[in-house]
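Visitor: Quick one: this structure, given as structure tokens, is what I'll be asking you about.
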There are 2 protein chains.
Amino acid sequence: MPLSESALIERYFRTCGAQRPDVLAGIGDDAALLAVAPDAELVAATDTLVAGVHFPAGSPPASIGHRSLAVNLSDLAAMGARPAWALLALTLPDADEGWLAEFAAGFSALARAHEVALVGGDTTRGPLCVTVQLLGHVPRGEALRRCGARAGDVLFVSGTPGDAAAGLALEQGRLHASAAALAYLRERFLRPTPRIALGQRLRRHASACIDVSDGLLGDAGKLADASRAGVEISFGAVPVSETLLRTLGEERARELALTGGDDYELCFAVHAENLPALLAELPPHSWGYSRIGALRSAPGAVVVRDGTVMEFSHSGYQHFP
Amino acid sequence: MPLSESALIERYFRTCGAQRPDVLAGIGDDAALLAVAPDAELVAATDTLVAGVHFPAGSPPASIGHRSLAVNLSDLAAMGARPAWALLALTLPDADEGWLAEFAAGFSALARAHEVALVGGDTTRGPLCVTVQLLGHVPRGEALRRCGARAGDVLFVSGTPGDAAAGLALEQGRLHASAAALAYLRERFLRPTPRIALGQRLRRHASACIDVSDGLLGDAGKLADASRAGVEISFGAVPVSETLLRTLGEERARELALTGGDDYELCFAVHAENLPALLAELPPHSWGYSRIGALRSAPGAVVVRDGTVMEFSHSGYQHFP
């Protein structure tokens, strides 16, 4: 007998994610009822993953569950927020129990790792599409924004961008790599690591922050635009993984790191006078971030190599057109 | 030149809905930043509308915008909450500007009517699908739940259920009606009226409340289940509109009112001792609600006519199976 909507929710989502005492009413009523921490501001984000657009339709269900939450966690990380509660809107062509069990397991593992409770949602029939809304807290007045940087600030990025874009290209058969490289890069696409702990620590140091989802160059440009400044990135300073270097060579690896998308790393600016404290309290080699350039007064985002501005055909993923 | 994602957001959604002073950062950062009212609990709901499932693919775009918010407002109404902020996840096959302008106008008009600010979202390419997340407030400890009713409570429903289901059947050519009836019923499907004011007033009176989205009989059963009770509805007491009566005849009209779905009315229970205050403070003819039955100790939801329990082939809309 096929699974009813309420049985599906009961079986796979009722106990998904963390249990939190601030959930006054979770799944099972018309809406969730939540106790917001005093002296905190609420932070809210939503992101959608569409099958065939954001992930290949045949991706492992656990990775879709993981990614649907990870992309939202990354948005909260960029605000310096602590995540708390998620709502899940899941549109499915059919109620495949094996698929649902794996999807829920992938979602739940990441949710528990970040103490996120699944407090509500909606399950509907249609083309596979997952929208997660994530709510969290930030101490009053302390949120990281895109708009606080100024000319002279130093620009950083976490992790090794480009890996996820290479992983997607491998998934889609547009790229070939050694078996070891394939496993690593594929994993970077399928299971991005939201930089929640780094985002929270950066509240004390960064002047502005953005999550890198559409490509480092384009997203750094958005941070600069919001701050009414420009940004200059040094091509040779863009961090790339050993695996990406071996797979693509240095030139193509750094290009992909600048334009690839799906990284879910943090790009952040720091006032020059705050650099010593940042480097002392969050050592780059421990926290996994790299200095890649600086904010400048001239608008726009440019990449410089050997004193020359480079041209890129595009600077990030665009849904429209 | 086709519209970019950021231009699309800027043009149609930046100023959509109400302006609110408690929005510290709205559209344009990684996440929205919101000031929660002190002494309030946060209420959060999400609902998805899928083209071809929840509405015919060719529905007027303004009605899709309206409905996508209305179905979530209805969830908050059922909690007795005051809505505040919405996030919109919009998946579109293409960036048709005429469609977007009408969709945004329909969404914005209803949002402004209920002082809801659009504070964030995501626009993606894919099969048409709209997910709204709605956040609001309820005074601490005062939320209406599904679970507070007990045997002996009187059961009510607002409005005239069944109209929307008839409107959908007309849209789909499964039903025929006079031109005047068609216009009225179609409008009840395309532009449901969330009962926000009634929900807030019911906090003082109702023991339990649910929004009627999947069919009155099934949803009344969910309220009873959550309250560990049963419910008995009197067939002759189910309110139906004159238009539905004329279109379907009494028998089919009341059946559709019990099983149809898409009503977005409130079904609520009131302890017998609280009836005089309810009827005095919220006169049924002014507030548009009707007494339809009572909670009982035996579990399940039944409809009674002339002392006999009626059989229904189904009691509400099921996405799976």
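Visitor: For the range B:236-290, which fully contained helices (runs of 4 or more DSSP H) count at least 1 residues that are over 23 Å from the mean Cα position of the chain (by Cα), under 20 Å from B:Ala166 (Cα atoms) and among the polar types (S, T, N, Q)?
Guide: Correct list: B:242-259.
Visitor: Being more than 7 Å from chain B (Cβ to nearest Cβ) and either within 23 Å of A:Gly199 (Cα to Cα) or part of a helix (DSSP H, G or I) (or both) is the requirement here; does A:Ala45 meet it?
Guide: The answer is no for A:Ala45.
Visitor: Turning to a different aspect of this structure: Would you be able to say whether some residue in the range B:302-315 is of a type in the set (Ser, Thr, Tyr), within 25 Å of B:Ala77 (Cα to Cα) and in the same structural domain as B:Ala177 (by TED's automatic domain parsing)?
Guide: No; the residues of the range B:302-315 include none that is of a type in the set (Ser, Thr, Tyr), within 25 Å of B:Ala77 (Cα to Cα) and in the same structural domain as B:Ala177 (by TED's automatic domain parsing).
Visitor: I've got another one for you. Considering only the range B:135-162, how many residues are more than 10 Å from chain A (Cβ to nearest Cβ), farther than 30 Å from B:Leu182 by Cβ, surrounded by 22 or more Cβ atoms within 10 Å (Cβ to Cβ) and not small (Gly, Ala, Ser)?
Guide: Residues meeting the conditions: 2.
Visitor: Give the residue that is surrounded by the fewest Cβ atoms within 10 Å (Cβ to Cβ), with candidates limited to residues of the range B:107-134 that are in contact with an Asp or Glu (Cβ under 8 Å, 6 or more places away or on another chain) and hydroxyl-bearing (Ser, Thr, Tyr).
Guide: B:Thr123
Visitor: Another question about this same structure. Hey, among the residues in the range B:223-249 that are closer than 19 Å to B:Ala180 by Cβ and charged (D, E, K, R), which one's nearest to the other protein chains (Cβ to nearest Cβ)?
Guide: Residue satisfying both the conditions and the ranking: B:Glu242.
Visitor: Here's a check for you: in the range B:174-189, which residue that is among the charged types (D, E, K, R) and outside any loop (DSSP other than H, G, I, E, B) is nearest to B:Arg228 (Cα to Cα)?
Guide: Per the criteria, the residue is B:Arg188.
Visitor: Let me ask something additional. Kindly indicate whether B:Leu190 is in contact with a Pro (Cβ under 7 Å, 6 or more places away or on another chain) and either surrounded by 21 or more Cβ atoms within 10 Å (Cβ to Cβ) or not assigned by TED's automatic domain parsing to the domain that holds B:Ala86 (or both).
Guide: Against the criterion (in contact with a Pro (Cβ under 7 Å, 6 or more places away or on another chain) and either surrounded by 21 or more Cβ atoms within 10 Å (Cβ to Cβ) or not assigned by TED's automatic domain parsing to the domain that holds B:Ala86 (or both)), B:Leu190 qualifies.
Visitor: Mind listing just one residue for me: the one in the range B:62-74 that is within 11 Å of chain A (Cβ to nearest Cβ) and in contact with a Phe, Trp or Tyr (Cβ under 9 Å, 6 or more places away or on another chain) and, of those, nearest to B:Arg186 (Cα to Cα)?
Guide: B:Val71
Conditions tested, residue by residue: (1) more than 11 Å from every other protein chain (Cβ to nearest Cβ); (2) buried (at least 24 other Cβ atoms within 10 Å of the Cβ); (3) more than 15 Å from the chain's Cα centre (by Cα).
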position	(1), (2), (3)
A:Gln19	yes, no, yes
A:Gly26	no, no, yes
A:Pro38	no, no, yes
A:Gly52	no, no, yes
A:Phe55	yes, no, no
A:Pro60	yes, no, yes
A:Arg82	yes, no, no
A:Ala89	no, yes, yes
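Visitor: Only residues that are more than 7 Å from every other protein chain (Cβ to nearest Cβ) and closer than 18 Å to A:Thr124 by Cα: list them for the range B:111-131, please.
Guide: B:Leu128, B:Val130
The values are calculated or read from the model by the stated rules, or taken from the named source; none is laboratory data. Treat the numbers as computed from the prediction; the structure is a model and nothing was measured. In this analysis, Cβ positions are derived from the backbone assuming ideal geometry, glycine residues included, and neighbour counts consider all displayed protein chains.
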